[in-house]
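Enquirer: One structure, as structure tokens, below. Some questions next.
The values are calculated or read from the model by the stated rules, or taken from the named source; none is laboratory data. Being a predicted model, the structure only gives us computed values, none of them experimental. Cβ atoms come from the backbone with ideal geometry, glycine included; neighbour counts cover every protein chain shown. Heads up: the accessible areas ignore ligands, DNA and RNA and are worked out on the full protein's heavy atoms, side chains in. Shrake-Rupley method; radii C 1.70, N 1.55, O 1.52, S 1.80 Å.
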Amino acid sequence: MSYYNHHVFFCVNQRAEGERQCCHNHGGSAMLDYAKQKVKALGLLDSGRVRVQKAGCFDRCEQGPLLVVYPEAVWYTFVDEEDIDEILTEHLQHDRIVERLRVADHA
Ligand code: FES
């Protein structure tokens with residue numbers, strides 16, 4: 001059993017304009033900040049078994065912005081706060097994978 005029920009990593013890697021696509025420039029950092037506030041508001045941090053944090057590049061940049069939820073190792077992409085809300089409430093609160101935002105394991 002893993003220490004956290006759900007451990008969420010957001011790629012926040014940033015590259016200069018004209019370089020390879022990066023998650024930061026597609027909302028990764030902003031959505032990490034939003035998710036941290038939201039898990040607190042939802043009471044998900046109360047158990048101490050949920051953690052949301054930043055990560056460096058996953059080397060899947062063209063599929064970003066990306067986050068990954070462990071221990072299930074489910075990868076998601078997202079566009080806005082509504083997508084983050086759905087991931088947090090469906091996956092973290094109800095253990096239901098959000099298929100519409102899921103990124104294939106092997107792509
Ligand atoms: S910049 Fe996010 S996966 Fe590479």
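Enquirer: Can you pull out every residue in the range 93-107 that is in contact with a helix residue (DSSP H, G or I) (Cβ under 7 Å, 6 or more places away or on another chain) and either open to solvent by 80 Å² or more (accessible area, probe 1.4 Å) or under 17 Å from L32 (Cα atoms) (or both)?
Expert: R96, L101, A107
Enquirer: Suppose we keep only residues that are within 16 Å of the ligand (Cβ to nearest atom) and in contact (Cβ under 8 Å) with a residue 60 or more places away in the chain within the range 1-35. Which one would you say is surrounded by the most Cβ atoms within 10 Å (Cβ to Cβ)?
Expert: Out of the qualifying residues, it is V8.
Enquirer: Could you give me the residue pairs with C-beta distances under 7 Å whose first residue belongs to the range 82-107 and is under 17 Å from G64 (Cα atoms), whose second residue is assigned to a helix (DSSP H, G or I) and hydroxyl-bearing (S, T, Y) wherever it lies, and which are 6+ apart or on separate chains?
Expert: Sorted first by the residue in the range 82-107, then by its partner, the pairs are I84/Y34.
Enquirer: Looking only at residues that are open to solvent by less than 30 Å² (accessible area, probe 1.4 Å) and under 19 Å from C22 (Cα atoms) in the range 36-68, which one is farthest from the chain's Cα centre (by Cα)?
Expert: Only one residue tops the list, namely C61.
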